[in-house]
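First the structure, in the form of structure tokens, and then the observations on it.
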Amino acid sequence: MSNQSKNKTEVILKIDNLESYYGPIVAIRGVSLEVREGQIVTVLGANGAGKTTLLKTISGVMDPEKGTISFLGNQIQGQEPDRVVRSGIVHVPEGREIFPILSVAENIELGAYTKSDKASIAADLEMVYSYFPILKERRSQAAGTLSGGQQQMLAIGRGLMSRPKLMLLDEPSLGLSPLLTQEIFEIIRRLNQEQKVTMMLVEQNAKVALNAADYGYVMELGRIVMEDEAETLNNSKDVQEFYLGVNQEENQRGQKRWKQRKTWR
Amino acid sequence: MDFIQLLASGLANGCVYGLIALGFVLIYKATEAVNFAQGDFMMLGAFICVGFANEDFLGWSFWTAVPLSIFFMSVFGYLFNWGVLRHMFGRSQTAIVILTIALGFILRFAAGTIWSHEPVSLETPYAGKDVSFGGVVLGIDEILGVIVTIILTISLFIFFSKTKLGLAMQAASQNQLAAYYMGIPVKRIQSMVWGLSGAVAAVAGILFASKGAIDPSAGLLGIKAFAAAAIGGFGSLPGALLGGLIIGIVEPLSSRYAPPGVSQIAPYAILLVVLIFRPGGIFSQTQKKKV
């Protein structure tokens, strides 16, 4: 397996042999991966592959049973979530977990809970509004009244307020129309380039994720089964077939390939 | 005239119920647990103040005793969550309910042992003084109770809507997981909410004990306040106060104008009616999550 990046930057997140359990059930078993500074790294996989658990374990909401997570050289596994946020990782959860009865502006300001410099918080607020003008328009409205796409924008904008070096994005396309998905991913790309936020992106929608990402991992049943440059993954037969839904021609024995075993097993 | 007199004293009682109900709701919203010892928190706050201020005990100045006992109760609430409840995390609701009921018993008997089971009243500088407004006679203690409740409500409102800590408390109660993701130390915030509701209980207790006698079983008043909180809609702070006021006003009016016994049933009868016709309470705050 190659672990090369075209323009090699520093590894800021390094996960080694991580194992997490839900009670007695293993959710991720021995996951190792690296995220380099400035990259968009995506983790693909079907429902129940352990992608969300992986993110939850990084952000400290779940504690790992084994393994290490080092971020900027410090080991952060098993720390309380507020310390992880202070160290520069923010988790934008799946399903747009916002504070429904608070206003949009209050939601965004709570993203800066770990910050205390008022001037820079105000500047960050303007920055968030410049990426999501609709949030500025709706700032005094209760967040629960926003549409799904706007709530996703709010969740990302709120995450930005902690000035993260690494943003963990869990299924940003969940439940959004293809058009809105494009829009959100465009903003994710812009944030990555303009604000220098490294992104770790978990997606079921492999197509948009691979288009945006530099590097990708494929997870299945709690393990990483494949990793490569996003472009290479995009062209790989296995990924095309099992995650991108590209039809393959029937082979000489008259079987569709989906009846066969994946090559990584 | 009779009616207005009853209304005014009912209002003063209602403020005490409302403040205890406020304590219920604060804790329920922040931690999704119901503190059945809230009434006993009120009783304990009152007895601590009695212990500091009354001549039979320490006999300190009333104005030092009040802030001291409020402070003591908030520390007590904080430590109870920090030292006991936090370790029950993940257990069933029933376990937490039983734990708080047990705490109520412990506090009741502890208070009885320290301050005896005889009713005492708090010695205040304004005890027994009245003001008369065109035939309606009001005790200073009653007027003070209403004023303190109003001030406390306004300052709580400002605290929750304007300060960072208050917003974080709201956030932690609306979506605990998201609050974690934002780096809000949810566990510490929950302990602070327990501290806050301990302080509110102490204020209620001081108001109660300065209006009349208090004994260690006064905490059973908490059941009435629980009804008040449910009438208001268990997740709403203004609802809790309103529920308290309704019960406070209905009690003296029904004991004056209705057959004997009705006044004891009235709070629960109202609760029943509210639950039938508006199950979420008067100010129900339920919202569905968008998918």
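The values are calculated or read from the model by the stated rules, or taken from the named source; none is laboratory data. Quantities reported herein were computed from a predicted structural model and do not represent experimental measurements. Reconstructed Cβ throughout: ideal geometry from the backbone, glycine too, with neighbour counts over all protein chains shown. Protein only, heavy atoms only, side chains kept; ligands, DNA and RNA dropped before computing areas. Shrake-Rupley method; radii C 1.70, N 1.55, O 1.52, S 1.80 Å.
Please sort by residue number the trypsin sites (Lys or Arg not before Pro) in segment A:1-105 whose DSSP state is loop and whose Cβ has at most 11 other Cβ atoms within 10 Å.
Hits after loop and neighbour filter: A:Lys6, A:Lys8.
Report the local net charge at A:Asn17: Lys and Arg +1, Asp and Glu -1, summed over other residues whose C-beta lies under 12 Å from its C-beta.
Within the 12 Å Cβ shell, the charges total +1.
Sort out for me the Cα centre separation of segment B:212-251 from segment A:166-193, rounded to whole Å.
After rounding, the separation between the Cα centres reads 48 Å.
Would segment A:116-188 count as rounded, prolate or oblate if I go by the C-alpha gyration tensor, calling it rounded below 1.5 in a/c and otherwise prolate when a/b exceeds b/c, oblate otherwise?
Here segment A:116-188 falls in the oblate category.
Taking H placed 1.01 Å from N in the peptide plane, check which residues at least 5 places from A:Arg223 or on another chain put their amide H under 5 Å from its amide H.
Close amide H contacts, sequence-distant or interchain: A:Arg29.
Provide the per-residue ³J(HN,Hα) series for segment B:208-218, in order, calculated from phi with Karplus coefficients 6.51, -1.76, 1.60 and θ = phi - 60°, each as a whole number of Hz, with x at glycine and proline positions.
5, 6, 7, 8, x, 7, 10, 10, x, 8, 4
How would B:Ile96, B:Ile150 line up by accessible area, probe 1.4 Å, largest first?
My answer, sorted largest first, is B:Ile150, B:Ile96.
Tell me which aspartates and glutamates have Cα within less than 14 Å of A:Lys115's Cα, excluding those fewer than 8 residues away on the same chain?
Straight-line reach from A:Lys115, under 14 Å: A:Asp82, A:Asp124.
How about B:Lys224: which aspartates and glutamates have a C-alpha closer than 15 Å to its C-alpha, ignoring those fewer than 8 places off in the same chain?
Qualifying aspartates and glutamates at Cα under 15 Å: B:Asp40, B:Glu251.
Residues with beta-carbon under 14 Å from that of B:Glu123, excluding B:Glu123: net charge, scoring Lys, Arg +1 and Asp, Glu -1?
-1
Compute, for the protein assembly as shown, the length of the dipole vector about the Cα centre, with Cβ point charges of +1 (Lys, Arg) and -1 (Asp, Glu) only. Units Debye, rounded to 20.
1300 debye
Quick one: grab the alpha carbon gyration tensor of segment A:77-137, order the square roots of its eigenvalues as a ≥ b ≥ c, and give me rounded if a/c is under 1.5, else prolate or oblate depending on whether a/b is larger than b/c.
oblate
Answer with one residue from A:Pro93, B:Gly139, B:Met192: the one whose Cα lies farthest towards the positive end of the charge dipole of the protein assembly as shown, charges on Cβ with Lys, Arg +1 and Asp, Glu -1.
Value: A:Pro93.
For segment B:10-219, what number of Lys pairs, 8 or more residues apart or on separate chains, have alpha-carbon atoms under 24 Å from each other?
Lysine pair count for segment B:10-219: 6.
What helices does chain A have that are whole DSSP H segments, at least 15 Å long along their own axis by Cα, and with mean Kyte-Doolittle hydropathy of -0.5 or more?
A:118-131, A:148-160, A:178-194
At a Cα cut-off below 18 Å, give the aspartates and glutamates reachable from A:Lys237, other chains included and same-chain residues fewer than 8 away excluded.
Filter leaves A:Glu220, A:Glu227, A:Asp228, A:Glu229, A:Glu249, A:Glu250.
Specify the angular offset, from 0 to 90 degrees and rounded to the nearest 10, of the alpha carbon long axis of helix B:237-257 from the longest principal axis of the alpha carbons in chain B.
Between the helix axis and the principal axis of chain B, the angle is about 30 degrees.
For segment B:2-10, in order, what is each residue's ³J(HN,Hα) by Karplus, 6.51 cos²θ - 1.76 cosθ + 1.60 with θ = phi - 60°, in whole Hz (x at glycine and Pro)?
Coupling constants for segment B:2-10: 4, 4, 5, 4, 5, 4, 5, 6, x Hz.
Relative to the longest principal axis of chain B, what angle (0 to 90°, nearest 10) does the C-alpha long axis of helix B:164-174 take?
Around 70 degrees separate the two axes.
One quarter of the convex hull surface, Cα atoms only: what value does that give for the protein assembly as shown in nm²?
32.0 nm²
Nearest 20 debye, what's the magnitude of the dipole of segment B:10-219 about its Cα centre given +1 on Lys and Arg Cβ and -1 on Asp and Glu Cβ?
1000 debye
By the scheme Lys and Arg +1, Asp and Glu -1, what is the net charge of all other residues having a beta-carbon under 11 Å from that of B:Leu144?
0
Is the shape of segment B:107-203 rounded, prolate or oblate, going by the alpha carbon gyration tensor and its root eigenvalues a ≥ b ≥ c, with a/c under 1.5 for rounded and a/b larger than b/c for prolate?
Oblate is the answer for segment B:107-203, as a/c is 1.5 or above yet b/c matches or exceeds a/b.
Rounded to the nearest 500, what is chain A's calculated 222 nm mean residue ellipticity when only DSSP H runs of at least 4 contribute -39500 (n - 2.57) each, over all residues?
-9500 deg cm²/dmol
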